[in-house]
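Report on the structure given below.
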Amino acid sequence: MMIKVLKYCLIILVFNIFSIKQTMSYEEPKYRTIKSTDIYEIREYGDRLAVEIEYSNEDSGFRYLFNYISGENKSSEKVKMTVPVTQSVKIDMTSPVTQSKRDGKMKMQFFLPSKFTLENAPQPTNNRVNLIIIKGGMYAVISYSGRLTNQNYSKHYKKLINHLNEDKIDFIEPAIRATFNGPFTLPIFRRNEIMMKINYNEIN
């Protein structure tokens with residue numbers, strides 16, 4: 001019995017190591033690390049091309065974006081998966097800039113490989129899916145492992161906000177939830193991040 005358990009654990013371990021290597025092989029948007037603390041990093045990102053969908057809490061946007069990279073586009077072209085997949089709350093731009101109207105709308109984005117531009121990227125056939133340019137800027141980023149639960153997210157979100165306040169760094173809501181691993185990756189091996197756009201310059 002013990003041997004069977006050990007074999008099972010070994011299979012799970014090998015599977016997750018393979019999963020991590022696969023994730024590491026996916027293209028990730030380039031950034032420059034400006035500053036590192038024990039809690040978070042400050043990164044500078046350039047402009048990034050992404051495919052985006054807005055969705056409510058009742059329906060997931062993932063399958064629409066996955067269908068797009070699987071060939072559901074005007075050129076029927078398969079697009080290589082990249083990391084991370086990002087999610088954030090949609091901001092109602094008619095509200096004051098200090099407020100985020102949480103009306104149940106969310107945004108999910110897949111970044112496209114760097115070989116694509118807005119001009120040559122496959123055009124979506126689903127009118128809910130859009131190609132967008134995400135403008136570059138400075139982001140404070142906290143990384144953490146563990147399960148993809150709201151409780152785990154909230155814990156690290158509060159930690160990031162508290163340390164940004166302590167360091168007197170102005171941040172811009174909403175926070176972005178970034179996921180790097182598939183659902184079958186063991187929690188201990190997962191890389192999750194929370195990204196917060198900030199007002200920052202290198203002489204701070």
Counting only residues in the range 104-130 that are touching a helix residue (DSSP H, G or I) at 6+ places or on another chain (Cβ under 7 Å) and hydrophobic (A, V, I, L, M, F, W, C), the one farthest from Asp47 (Cα to Cα) is identified as Val129
Step by step: first the residues of the range 44-86, then only those that are of a type in the set (Asp, Glu) and within 27 Å of Lys197 (Cβ to Cβ), then the one that is most open to solvent (accessible area, probe 1.4 Å). Which residue is that? Asp47
With the requirement that a residue be in contact with a Phe, Trp or Tyr (Cβ under 7 Å, 6 or more places away or on another chain) and either among the charged types (D, E, K, R) or in contact (Cβ under 8 Å) with a residue 60 or more places away in the chain (or both), what does the range 154-168 give you? Leu160, His163, Leu164
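Could you tell me which of the residues Met93, Met106 is part of a strand (DSSP E or B), open to solvent by 30 Å² or more (accessible area, probe 1.4 Å) and modelled with pLDDT under 95?
Sole residue among the options that is part of a strand (DSSP E or B), open to solvent by 30 Å² or more (accessible area, probe 1.4 Å) and modelled with pLDDT under 95: Met106.
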Pairs, please: C-beta under 8 Å, at least 6 apart or cross-chain, first residue closer than 25 Å to Tyr45 by Cα and in the range 140-153, second open to solvent by less than 20 Å² (accessible area, probe 1.4 Å) and part of a loop (DSSP other than H, G, I, E, B)? Ala140/Tyr40; Ala140/Ile169; Val141/Tyr40; Ile142/Tyr40
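The values are calculated or read from the model by the stated rules, or taken from the named source; none is laboratory data. Since the structure is predicted, the reported quantities are computational estimates derived from the model, not experimental observations. Virtual Cβ from ideal backbone geometry, glycine too; neighbours counted across all protein chains shown. Only protein heavy atoms, including side chains, enter the accessible area calculation; ligands, DNA and RNA are left aside. Shrake-Rupley method; radii C 1.70, N 1.55, O 1.52, S 1.80 Å.
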